[in-house]
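A short worksheet on the structure shown next.
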Amino acid sequence: MESLLAYNSSSDDESDRTTKDEQDFKKGKVKLPGTDQAKLQEIKDVCATESGTQPYDNRMGPFLEARNAIGLNECSYSKSKQTSLRNDNGSIVVQRTFSEPQFPVSNSNQEKKSPAFNSSLTQYKHSNSSSISGRRVKPYISKREREKLAQTALPGSSSSPLKCQLAAEKSNFDHSIKEVDLQPNRPCEISDGKRLARACRPPKQLHLNFEGHSQGVNCVHWNPTRGNLLLSAAMDHLVCVWDTSCGSTCHRRLTHHTAAVKDSKWSLCGEKIFSCGYDKTARLSNLETGQEIIKFPHKNFVTCVQFHPRDPALFLSGTFKSAILCWDTRTGNITSTYSALFGQVQDIAFLPGGDEFVSAAEVVKRNSTDKGIMVWDFRSTAVLSNQIYQEAFTCTCLKVHPHEAHFVAQSNGDYIALFSTRKPYKLNKFKRYEGHKVSGYHIGCDFSPDGSIIASGSADGQIYFYDHHTSHMVRTLQAHSMPCMDVAFHPTLPNCVASCGWEGQVKVWK
C-alpha cells in the first residue's frame with residue numbers, strides 16, 4: 001500500500017514536523033495514520049488524485065474492521081522505499097511505500113477461527129495486491145524464439161508442440177496493455193532429432209526396392225498429382241515410371257533415348273514426362289500411352305530440363321556448353337537463349353513467381369567463379385546477379401524452399417550452401433549443411449514438404465538429413481552400396497523419401 005504525504009515548508013511548525021517525520025521514517029518508526037483527521041483526509045485526496053487508485057480508507061477499511069473485531073491495537077509495517085522531492089513552490093513531498101501489515105501472534109483459538117477476521121483479511125489482501133502490483137510485466141520473447149514458435153506450429157495440425165494464447169487484460173484507460181502467455185502442452189524437447197514436428201520426420205526403414213535399371217540412376221522425382229508414381233532416369237538409356245502402390249512393379253518404361261538419360265521431370269499436370277540426355281535431344285512423352293509427343297534437337301548434350309511454374313507450354317533446357325535454351329512445346333521452337341561463358345549446366349531452378357531463375361554451371365577457369373551460380377531475368381534474358389557465390393566449387397543441385405525466401409545449392413566442397421531469393425541474393429555465411437560427401441558426383445538434395453528438413457545424397461552411399469533451421473545433422477541412412485545420387489521427398493507423405501544409387505537401384509524409405 002502506498003501513501004503520499006505533502007507538507008508546506010513555508011511554516012516553521014510544519015517544517016519541524018516534516019523533519020521529525022523524515023527522521024522517524026528513516027529509523028523505521030512509522031505509525032498507522034488516523035490520529036489527525038485533517039491530515040488523513042489530505043492524504044486520501046492526494047492518493048486519489050495522483051495515483052488514480054481507490055481512496056485510502058477503502059483499502060484500509062477491511063483491515064481496520066478486522067483489527068477492531070479481534071481487539072488488535074497495534075500493527076507493524078516494514079519500510080520498503082522512501083523518496084523525498086521538493087516541488088517548485090518549495091514544498092517537500094515524501095513518498096512512502098509499505099508492505100503488507102504483520103499481525104501479532106495470538107494464542108487464542110477464537111482469534112484464529114474468527115470468520116470476520118478471515119474474510120476481512122482476504123478482502124484487504126486482494127485490494128492491496130491489485131493496487132500495489134500495477135501493470136503486469138509482459139514477458140520478453142526474442143525474435144529467434146518467435147520464429148521457432150511460428151515454424152514449429154504447423155498450419156492444419158490439430159496439436160502443435162507449443163500453443164501461443166493471447167490474453168487481453170482490461171485496465172484503466174491509461175493502463176491498457178496486452179500480453180502474450182506461453183502455455184506449452186508438453187515440455188520443449190532440446191535434442192535436434194526431436195525438435196522437428198511430428199508430421200515431418202526422417203524415415204527409418206526401407207519400404208520398397210526397385211531393380212529395373214542396369215546402370216547408375218541419375219535422378220528420381222515423385223508425380224505432383226498422382227502420389228503413387230515415381231520417375232527415374234538412368235545411364236542405361238531408360239526412363240522408368242514405378243507404381244509404389246503395386247509393389248516393386250514398373251508402370252511404364254520409355255526407351256526413346258539412344259544414349260544415357262541425364263535428367264527427367266514431370267509436367268505440371270503430371271500426365272507428361274520430359275527427359276533429356278547425351279543423345280543431344282530433349283523429349284516429351286505421354287504417360288498413359290508411352291508414346292513420344294515431340295522431340296527437341298540440340299547442338300550439344302542436354303544436361304537438365306525445367307518446366308516454367310506458371311506457363312506449362314514453356315521449359316528450359318541446360319546444355320553442355322555456355323547456353324540455356326527456352327522452348328515452346330506448342331511450336332517446338334526456341335523462344336529465348338541465355339548465354340554466358342560457363343561450362344556444363346548442372347541444374348536450373350525457378351524462383352517464386354517465375355520471373356527469375358537460377359542456374360548452376362561448372363567452373364571452367366580459375367578466375368571464372370562468378371559464373372558458378374547466376375540469376376537470370378526470364379523475359380529479358382539479362383543477368384541479374386553473378387556475384388552471389390565466389391568459391392571455386394561447382395554446384396550440382398539447386399532447390400528452392402517451399403515457403404521461405406531462400407534456396408540451397410549442393411556444392412562440390414562437401415556442403416550445402418544457403419542463399420536468399422531476394423535481391424541481392426546473398427550467401428548466408430553463417431549457416432551451411434555439411435557432413436556428407438560429394439566427391440565430384442552429381443549429388444542431389446531436396447526439401448521436405450514443410451521445409452523443415454533437408455535430405456542429401458552422398459558419395460559414401462548414405463542419405464543425410466539436416467534440420468533446416470539449425471543446420472544440424474538429424475539422421476543418416478545407409479541406403480546404397482555405391483554413391484547415392486539423388487533423393488526426393490514425397491509431396492504429401494512427409495516421412496516418405498525416394499533415393500537412387502550408382503549401382504542402379506531405386507528405393508523408397510518410410
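For region 438-510, which fully contained strands (runs of 3 or more DSSP E) count at least 2 residues that are touching a Phe, Trp or Tyr at 6+ places or on another chain (Cβ under 7 Å) and among the β-branched types (Val, Ile, Thr)? Before you say what the answer is, go through the steps one by one.
Numbers: elements: 445-447, 453-456, 462-467, 473-478, 484-489, 497-501, 506-509.
Strands (runs of 3 or more DSSP E) meeting the threshold: 453-456, 473-478.
Can you find, within region 440-460, the residue that is modelled with the highest pLDDT among those that are out of contact with any Ser or Thr (no Cβ under 8 Å at 6 or more places or on another chain) and open to solvent by 30 Å² or more (accessible area, probe 1.4 Å)?
Ranking the candidates gives 460 first.
Would you confirm, using the coordinates I've provided, whether residue 246 is farther than 20 Å from residue 283 by Cα and open to solvent by less than 30 Å² (accessible area, probe 1.4 Å)?
So residue 246 does not fit the description; no.
Enumerate the pairs (first residue in region 137-153 and at negative phi and modelled with pLDDT of 80 or more; second residue anywhere and assigned to a helix (DSSP H, G or I) and open to solvent by less than 40 Å² (accessible area, probe 1.4 Å)) with beta-carbon separation below 9 Å, excluding pairs fewer than 6 apart on the same chain, so at least 6 apart or on different chains.
From residues that are at negative phi and modelled with pLDDT of 80 or more, the pairs are 141/149.
Before we move on, is residue 446 among the acidic types (Asp, Glu) and over 14 Å from residue 399 (Cβ atoms)?
Considered against the rule, which asks whether it is among the acidic types (Asp, Glu) and over 14 Å from residue 399 (Cβ atoms), residue 446 comes out as no.
Looking only at region 382-408, how many residues end up being outside any loop (DSSP other than H, G, I, E, B) and not aliphatic (A, V, I, L, M)?
The qualifying residues number 7.
Go through the residues of region 313-323 one by one and say whether even a single one is closer than 21 Å to residue 225 by Cα, polar (S, T, N, Q) and either part of a strand (DSSP E or B) or touching a strand residue (DSSP E or B) at 6+ places or on another chain (Cβ under 6 Å) (or both).
From region 313-323, those closer than 21 Å to residue 225 by Cα are 313-315; that's our starting set.
Imposing the further condition that a residue be polar (S, T, N, Q) reduces the set to none.
No, region 313-323 has no match at all.
Would you mind telling me which numbered condition in (1) under 16 Å from residue 259 (Cα atoms); (2) open to solvent by less than 10 Å² (accessible area, probe 1.4 Å); (3) at pLDDT below 95 residue 300 fails?
Answer for residue 300: the failing condition is (2).
Looking at region 324-343, which of its residues are of a type outside the set (Ser, Thr, Tyr), surrounded by fewer than 17 Cβ atoms within 10 Å (Cβ to Cβ) and assigned to a loop (DSSP other than H, G, I, E, B)?
330, 332, 340, 341
What number of residues within region 470-504 satisfy the criterion of being hydroxyl-bearing (Ser, Thr, Tyr), surrounded by fewer than 20 Cβ atoms within 10 Å (Cβ to Cβ) and within 29 Å of the chain's Cα centre (by Cα)?
Qualifying residue count, region 470-504: 4.
Within region 359-372, is there a residue that is hydroxyl-bearing (Ser, Thr, Tyr) and more than 26 Å from residue 279 (Cα to Cα)?
yes
The values are calculated or read from the model by the stated rules, or taken from the named source; none is laboratory data. Only a predicted model underlies this, so the values are computations on that prediction, with no experimental measurement involved. Reconstructed Cβ throughout: ideal geometry from the backbone, glycine too, with neighbour counts over all protein chains shown. Heavy atoms of the whole protein, side chains included, go into the accessibility calculation; ligands, DNA and RNA do not. Shrake-Rupley method; radii C 1.70, N 1.55, O 1.52, S 1.80 Å.
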